[in-house]
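Input: a single structure, listed below in structure tokens.
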Amino acid sequence: MEEREGEVRWDGLCSRDAASRAAALDNIGQVVLRRSETIAPVAAVPLSRAADGPLVPAARDGLSEVLARLLMLSKRCPFPDVREKSEAILSRVQELGIRIPRPLGHGPSRFIPEKETIQVGNEDAMMHALFAESFATLGRLDNVTLVMVFHPQYLESFLKTQHYLLQMDGPLPLHYRHYIGIMAAARHQCSYLVNLHVNDFLHVGGDPKWLNGLENAPQKLQNLGELNKMLAHRPWLITKEHIEQLLKTEENSWSLAELIHAVVLLTHYHSLASFTFGCGISPEIDCEGGHTFRPPSVSNYCICDITNGYHGVDEIHASPTASIPVSSTESVCEVEALMEKMKQLQECRDEEEASQEEMATRFEREKRESMFVCSSEDEESAPTRDVSRHFEDTSYGYKDFSRHGMHVPTFRVQDYSWEDHGYSLVNRLYPDVGQLLDEKFHIAYNLTYNTMAMHKDVDTSMLRRAIWNYIHCMFGIRYDDYDYGEINQLLDRSFKVYIKTVVCTPEKTTKRMYDSFWRQFEHSEKVHVNLLLVEARMQAELLYALRAITRYMT
């Protein structure tokens, strides 16, 4: 894209070279101060007077967006020089009598107190390397990364995969990739991800007209809408005929390689929307809802913030048990009881094995019961126009199907699995991606620190398998060698409600749901649960789409 004179260029800040960053910061400072001086009420107003007197809004000439970006950099950049210089530029702008923004909310998650997350600038060497890598590739250190970093091994795999899907050589052009991310995130009304990818889409030269609605995008992308809809809500309905329709549509047809790339992107962003809602990810500081230009009131928030849904810090960041009154003894008992059940189940496994018929019956029972797991907070919510314009058929969702009692057919992993079928198909048509996904699935499934709340040296494999298989069971996917009777023993109702909401209708996830399961567990353990939810959901969607593609090809 052509650089215009006086335009703020941010790219140099991503450099690992301090001199390059310093040059970029000098340029940014000059451009910002030049613009500020043109609208400043008085040249060089002393800071004390500027803070006390009426400040000029910074809305003119895109200055407010630039100042919001500088605020984000001052708080979230892994390079100390960038943080300090961004803060200095903002202070200088304020000295000119112009109102500067301040963050709304505290920390990367509405569910996790900021003091319990990794503070930028206080990270260890391994985390700093991850932060620097993320910032260098994305141009930001986003809130998803700041929550995922509870589990650095997984985060490294996640960032590597996402970078490959969005920025490395592949069948789809860059702007298509971000637009598909927008389409996928919009299915779950995830404005957090939509906003990020709208910015990225424009940055790589995407046509702004496409953002007015899916009907303004090329027919080829519009044709992907049906697959997006089914993958997000009812993947078991995908057939080889749907695949054939996309591949055989004359001038708007998809190649097999393009379709695999699109399917992986769609499933990646459906499941990332689950993580975003499941962990209560806050808006990015420089995005809508992440900052305000209004001065703080005495109580640190003003009436305009309340009406927009931004409440006091105490309400947003209550302790994990604040909204669910419970004694610590009761919570400890909850952990002890779960560990005792795991022990008993292991002993039963060693003593006897259920027949294949009994195992099949238990699966069907669990699958049927999962259809009726719902939250008392479940209610209709129409998607906002701002997000719904990126997809069609806003009424289509998972809940419609469960209400009508429709039957989900059983998908036997023995007949079509990721390891034996899906992995090789993806790798053949989109080289290296099968390997990256496989590594990510394995890390999430096998990740353990051998702890449960306050207990150490615990084998959690039985619990992790129950969570993974419960999610696949909701999608009709059955493992012949698994006893589904274990699920009801290990996952209580509040946990099942949380899992089903985050996986099937993530936009309905509430802090109360997050607080109500595993009340004595660490936040890092609840984030770990969300990693299992993300990967199990992504693999379930992929299995249905890849099986349909395989059937089309044979």
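The values are calculated or read from the model by the stated rules, or taken from the named source; none is laboratory data. These numbers come from a predicted model, not from an experiment. Each accessible area value is taken on the protein alone, full model and side chains, heavy atoms only, with ligands, DNA and RNA left out. Shrake-Rupley method; radii C 1.70, N 1.55, O 1.52, S 1.80 Å.
Cα gyration tensor of the range 185-240, axes a ≥ b ≥ c as square roots of the eigenvalues: rounded (a/c below 1.5), prolate (a/b > b/c) or oblate?
Values: a/c = 2.74, a/b = 1.57, b/c = 1.74.
Oblate, since a/c reaches 1.5 and b/c is not below a/b.
Counting only protein heavy atoms and a 1.4 Å probe, the range 401-554 has 35 square angstrom of accessible area per residue. One way to sum up the overall shape of the range 148-265 is the equivalent ellipsoid from its Cα gyration tensor, whose semi-axes run 23, 18, 15 Å, largest first.
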